[in-house]
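For reference, the structure is listed below as structure tokens.
The values are calculated or read from the model by the stated rules, or taken from the named source; none is laboratory data. The model shown is predicted, which means the values in this text are computed figures rather than measured ones. As a convention, Cβ positions derive from the backbone with ideal geometry for all residues, glycine included, and neighbour counts pool all protein chains shown. Only protein heavy atoms, including side chains, enter the accessible area calculation; ligands, DNA and RNA are left aside. Shrake-Rupley method; radii C 1.70, N 1.55, O 1.52, S 1.80 Å.
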Amino acid sequence: MDSFLLLSFIFLIAGIVAVPIATRFGLGSVLGYLLAGMAISPLLRLLDVDVVSLQHFAEFGVVMMLFIVGLELEPRKLWEMRGRLIGLGGGQVLVTTLIFAGISLLNGDRWQSAIAIGMILAVSSTAIILQSLNEKGLLKTEGGQASFSVLLFQDIAVIPMLAIMPLLAVPELVLGSSGHAAGADHDNGISLVHGLSAWQSALVTMAAIAAIVIAGNYLTRPVFRFIAMSGLRELFTATALLFVVGIALLMTLVGLSPALGTFLAGVVLANSEYRHELESDIDPFKGLLLGLFFMTVGAGINFGLLAVSYGAILFWTAVLVVAKLAVLYVLGLIFRIRGQDRWLFALALAQAGEFGFVLLSYARGVSAIPGPLADQLLLVVAMSMLVTPLLFILYDRVIVPRYAEANDRAFDEIDDQGDVIIAGRGRVGGIVDRMLTVAGHRATVIDYSSKQIDLLSKFGIRTYFGDATRPDLLASAGISRAKLLIVAIDDKARSNTLVSHVIRNYPEVHVIARAFDRTHVFELWSLGCRDIVRETYDSSLRIGRSAYEALGIPHDRAMEMTAAFERMDSRSLREVADYYDINVPPSENEAFIERMRTLRKEWDPALQRQMADIIGREDLENDTSDKSLLRSS
């Protein structure tokens, strides 16, 4: 027990310290976990910890992650992905295997070992890639979806790879080994297909998959309803874990990838009413296990071997990353993945993965790869995974800005100057533009999204492509003769830049600015803007009014109460705006905080009395005395 607690403490404190620091410097959580594992590696060796066994346990985080991914992917969407799943995924695995097999042959390895190496290095890291794509909000992009298609195919391809490995045994290695103890570990477990013929194994496997589909469609609903009757949250969590563990176990018993089985179950449950509940229950376990997995990868690096042959290890790691990147980039061109998404696809998958450790261990056990070469390959796989977060940083800091600057097209020449300029034609600017147009006011509309402009042009809506924060483009749009500028940009920093420039240089132009929240209102006010509209404020008031009515308050009184709240909230904003300092965080601005506290003490009781008068309930003040009515929307 003491050793377990000590080990838990070491891993937890390493992650808690390293990950926030790595995230703070823009390195991402994955690299933080990897560095944490490297930092505690000497301590784990001193304590004689079996890092490999710990890594196998932590790999269950990948299983949980694919279950959650499946929950977010409806069967219809999966069917729509079939072309890229087979074309991109199959092409990547086949071409990459052949390339690395060829490189191994040129390096003097036997043909059996060359094919085994090719298959090992063909697969990428599902754990690191999906975690990074989710963390950065890139999974739903074209590049993210293409990456997911390849990863899903790779997870499926691991099954035949494991079946092929024993056929690649090198006779000299088999004769030179002391038996098959190294590979025996893979046959020690219980198996439902052991000793069966090929057609019988196929039948059992199909029955297992059918059982998952049937259970997902017909059994989960009554089971979860029964569990929900207990009213105990922990039982629901336990049932969700039982569901995932049971499916993973079933897949293992029939010789399939547990990750593949849980992904299939997730897809089956994608339309279930318990989908979000399952996701919220599984997600914390997934996150912790993935963090542990990444730390074990970092801790598993053999620094002794790396120190002796670091040149060769770094060289072959570079060869691996560059070769896979080139293959993926070409496939991206063939399948017409565009622009920065093609780079995201290529950079994300340009590494070996956790299944590489499994395949490598198995290949060594069945004498397909000699021991010394397997040790070096283990380092190459680990180092390539360690490089992956750096490739994502390269994408964020080099690729994205380059495409943002180029944006595949030059800015439009603005030849139509009017009295009104609208900066940004998204969900806010679009409605404003329509309202002005039907009232006979033609606005010059500028937007920075080429995709949005191309879409609008199909409907005959004229919008100019350009960056409204650039003084030269703003001048060409006629800002010097405009009466009104409406700032509807979906970016707080760029919005502030534009407002500051226009108010400072064109004081005669009336500026209406879209604010994202209460703090942004204060920022815009400090920049000199006096006509500010919070983007969600009116909808929040309408929801509040509907809540009043749903609680039995008549419509006219609900309207009056909403108006009273709006008047008081607007006054409070104006009262504290002069205390806001754009150069000081609100949490550190003592004058600002003190003024807010004073206003709450003065105005909350007054507003509560006003509400009580409107609704005709004298006890309203007591019922709501502990609730703040000064909220940001």
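Among the residues of the stretch 29-63, the ones that are modelled with pLDDT of 80 or more, open to solvent by 20 Å² or more (accessible area, probe 1.4 Å) and farther than 18 Å from residue 6 by Cα come to 3 in all.
Among residues of the stretch 563-592 that are farther than 18 Å from residue 606 by Cα, those with a beta-carbon under 7 Å from a residue that is basic (Lys, Arg) at least six positions away or on a different chain give the pairs 579/595.
Somewhere in the stretch 16-23, is a residue modelled with pLDDT under 80, β-branched (Val, Ile, Thr), within 19 Å of the chain's Cα centre (by Cα) and surrounded by 20 or more Cβ atoms within 10 Å (Cβ to Cβ)? Checked the stretch 16-23: no residue is modelled with pLDDT under 80, β-branched (Val, Ile, Thr), within 19 Å of the chain's Cα centre (by Cα) and surrounded by 20 or more Cβ atoms within 10 Å (Cβ to Cβ). Counting only strands (runs of 3 or more DSSP E) that fall entirely inside the stretch 436-515 and contain at least 2 residues that are at pLDDT 90 or above, open to solvent by less than 70 Å² (accessible area, probe 1.4 Å) and not β-branched (Val, Ile, Thr), the qualifying elements are 484-487, 510-515. Test residue 378 against the criterion of being open to solvent by less than 10 Å² (accessible area, probe 1.4 Å) and in a helix (DSSP H, G or I), and give yes or no. No, not satisfied.
Name the residues in the stretch 242-298 that are modelled with pLDDT of 80 or more and surrounded by fewer than 16 Cβ atoms within 10 Å (Cβ to Cβ), would you? Result: 242, 245, 246, 249, 280, 283, 284, 287.
Would you be able to say whether some residue in the stretch 524-533 is of a type in the set (Gly, Ala, Ser) and closer than 18 Å to residue 436 by Cα? For the stretch 524-533, residues of a type in the set (Gly, Ala, Ser) and closer than 18 Å to residue 436 by Cα: absent.
Listed here are the helices (runs of 4 or more DSSP H) enclosed by the stretch 64-175 that have at least 1 residues being open to solvent by 10 Å² or more (accessible area, probe 1.4 Å) and more than 30 Å from residue 315 (Cβ to Cβ): 75-80, 82-106, 126-135, 142-164.
Of all the criteria given as (1) surrounded by 16 or more Cβ atoms within 10 Å (Cβ to Cβ); (2) at pLDDT 85 or above; (3) under 35 Å from the mean Cα position of the chain (by Cα), the one not satisfied by residue 407 is (2).
Say we look at the stretch 328-363 and pick out the residues that are touching a Gly at 6+ places or on another chain (Cβ under 9 Å), aromatic (Phe, Trp, Tyr) and part of a helix (DSSP H, G or I); which of these is least open to solvent (accessible area, probe 1.4 Å)? Once the filter is applied, the top-ranked residue is 345.
You will find that of 421, 414, the residue that is modelled with pLDDT under 90 and β-branched (Val, Ile, Thr) is 414 and no other. Just to be sure before I move on: is residue 298 in contact with a Leu (Cβ under 6 Å, 6 or more places away or on another chain), over 18 Å from residue 67 (Cα atoms) and assigned to a helix (DSSP H, G or I) in the structure I sent? Criteria met by residue 298.
Which pairs turn up if I take residues in the stretch 368-394 that are farther than 13 Å from residue 117 by Cα and look for partners that are aromatic (Phe, Trp, Tyr) and in a helix (DSSP H, G or I) with beta carbon separation below 8 Å, at least 6 apart in sequence or on another chain? Sorted first by the residue in the stretch 368-394, then by its partner, the list stays empty.
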